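To keep things clear, I will list the structure first and then write my remarks on it.
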Amino acid sequence: MQLSLLAALIALAPATLSIPASPVVDANLPGSTANVAGLDAVAKAAGKRYLGTATDNNELSNPQYTAILEAPQMFGQLTAENSMKWDATEPEQGVFTFAQGDQIANLARSRGMLLRGHNCVWHQQLPNWVTAGNFNAQQLSAIVQNHCSTLVGHYKGQVSPPASQPLYMPPQDKSDKHAILEPLNDDGSFRQDVFFNTLGSSYIATALRAAKAADPNAHVYINDFNIEGTGAKATAMKNLVRTLKSQGVPIDGIGLQGHFIVGEVPTTLVQNMQEFAALGVEVAFTELDVRMTLPETAALLEQQKRDFQTVVSACQAVSACVGITIWDWTDKFSFVPSTFPGQGAATPWDQNFVKKPAFDGIVAGF
Ligand code: XIL
């Protein structure tokens, strides 16, 4: 399902009232003062692989949005916010629909951006036929295998460099796929979803193997939230990585989502990433945003700037941290207000596409 965005209903106004086309609601709040070409340029200059963003198909018809999304060197990587998820890509069993996902993949390729797949198995945004199909273990395992294989196979090599076009990424920078999304609960136990309840944790290996077989050059990831700092859930994820590696299951990376709250960024980011790296996996911040309780204030925006800087500098401090993806770059299209009522303003650009202090925080972090 696509995020249903609140469309502002503008009633017909009396002719005497002038309504600015693009009201600057944040006129009294601080903005960015950074003078840089683009965030990806800054990230690459600092030795990181990319600074990217999530994006969604319905946003691409907004010219103000695409002007910044596609600005040279602003973003070096895209993640489809919804259009590569299971409900979007296999809405009926065996019927695959890639048009929406392809639009994002094609945009990334046309702009020389990396593409992260997102995702092959998750407990949300599943079509009914998966959740209510009453499949037995053998059937559901085959369904997971086929879904991951077909999805990752479809995007195989789409962002990899044709030999004749060295403009694109070097071979080690092929597309990352999040094979598995959110398999753990906060206490470190496995999430009780249709996959775990039917297959136990074996679905994780099935999905990772299917993804890796479909595109051996892709880096296969497990991606979760609340594993950015040390703690029970991060420990469980490290144990999962150890187990998978001991069983010969492919696992290239762990995605730290990074949906943070202003003033509450964990203090153990660097140590935690180093512990993952010691297990032989790379890491990335895959869905970074820093939300606040609305209304935004100058003080909150300044703290948010420091929080973005903290996260970026933590990635910068750990060589295994390959890059950072913001979970969409403007408050206009952030998923936060609809998911966390009363909270928002979580991204580096405001609703009018004006850079906030958080933009400077990102720049300063590299
Ligand atoms: C969110 C999207 O941003 C929304 O548009 C959608 O309605 C729900 O999913 N963790 C994830 C993402 O891994 O896939 C989620 O994306 C946000 C939380």
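The values are calculated or read from the model by the stated rules, or taken from the named source; none is laboratory data. Quick caveat, the model's predicted, so the values are computed rather than measured. Quick reminder, even Gly has a Cβ in these numbers, built from the backbone with ideal geometry, and neighbours come from all protein chains shown.
Points to keep in mind about this one:
- In this structure, residue 232 does not qualify as in contact with an Asp or Glu (Cβ under 7 Å, 6 or more places away or on another chain) and buried (at least 20 other Cβ atoms within 10 Å of the Cβ).
- Within this structure, residue 242 passes the test of being farther than 14 Å from residue 226 by Cα, among the basic types (Lys, Arg) and out of contact with any Gly (no Cβ under 7 Å at 6 or more places or on another chain).
- Residue within the stretch 313-325 that is among the hydrophobic types (A, V, I, L, M, F, W, C), crowded, with 21+ Cβ neighbours inside 10 Å and within 16 Å of the ligand (Cβ to nearest atom) present: yes
- Of the residues making up the stretch 40-86, those that are aromatic (Phe, Trp, Tyr) and under 15 Å from the mean Cα position of the chain (by Cα) are 50, 75.
- Qualifying residue in the stretch 53-72 (condition: surrounded by 13 or more Cβ atoms within 10 Å (Cβ to Cβ), assigned to a loop (DSSP other than H, G, I, E, B), away from the ligand (no atom under 16 Å from the Cβ) and at pLDDT 95 or above): yes
- The set of residues in the stretch 73-93 being assigned to a loop (DSSP other than H, G, I, E, B) and hydrophobic (A, V, I, L, M, F, W, C) consists of 74, 75, 84.
- Those helices (runs of 4 or more DSSP H) lying entirely in the stretch 189-304 with at least 1 residues in contact with a Leu (Cβ under 6 Å, 6 or more places away or on another chain): 194-199, 232-246
- Selection from the stretch 94-132 of residues that are of a type outside the set (S, T, N, Q), within 16 Å of the ligand (Cβ to nearest atom) and either exposed (fewer than 15 other Cβ atoms within 10 Å of the Cβ) or part of a loop (DSSP other than H, G, I, E, B) (or both): 122, 123, 126, 127
- Scanning the stretch 15-36 for residues that are surrounded by fewer than 10 Cβ atoms within 10 Å (Cβ to Cβ) and among the aliphatic types (A, V, I, L, M), we see that the one that is modelled with the lowest pLDDT is 15.
- Residue check for residue 105: without any contact (Cβ under 8 Å) to a residue 24 or more places away in the chain and not hydroxyl-bearing (Ser, Thr, Tyr): no
- Failed criterion for residue 331 (all others in (1) away from the ligand (no atom under 16 Å from the Cβ); (2) touching a strand residue (DSSP E or B) at 6+ places or on another chain (Cβ under 9 Å); (3) acidic (Asp, Glu) hold): (1)
- Looking across 287, 282, 275, one residue alone is among the acidic types (Asp, Glu), closer than 18 Å to residue 253 by Cα and within 14 Å of the ligand (Cβ to nearest atom). It is 287.
- Among the numbered conditions (1) crowded, with 21+ Cβ neighbours inside 10 Å; (2) touching a helix residue (DSSP H, G or I) at 6+ places or on another chain (Cβ under 6 Å), the only one that residue 287 does not meet is (2).
- Candidate set from the stretch 177-188 (those that are buried (at least 19 other Cβ atoms within 10 Å of the Cβ) and in a loop (DSSP other than H, G, I, E, B)); member that is farthest from the ligand (Cβ to nearest atom): 183
- The stretch 37-52 - residue that is hydrophobic (A, V, I, L, M, F, W, C) and part of a helix (DSSP H, G or I) and, of those, surrounded by the fewest Cβ atoms within 10 Å (Cβ to Cβ): 45
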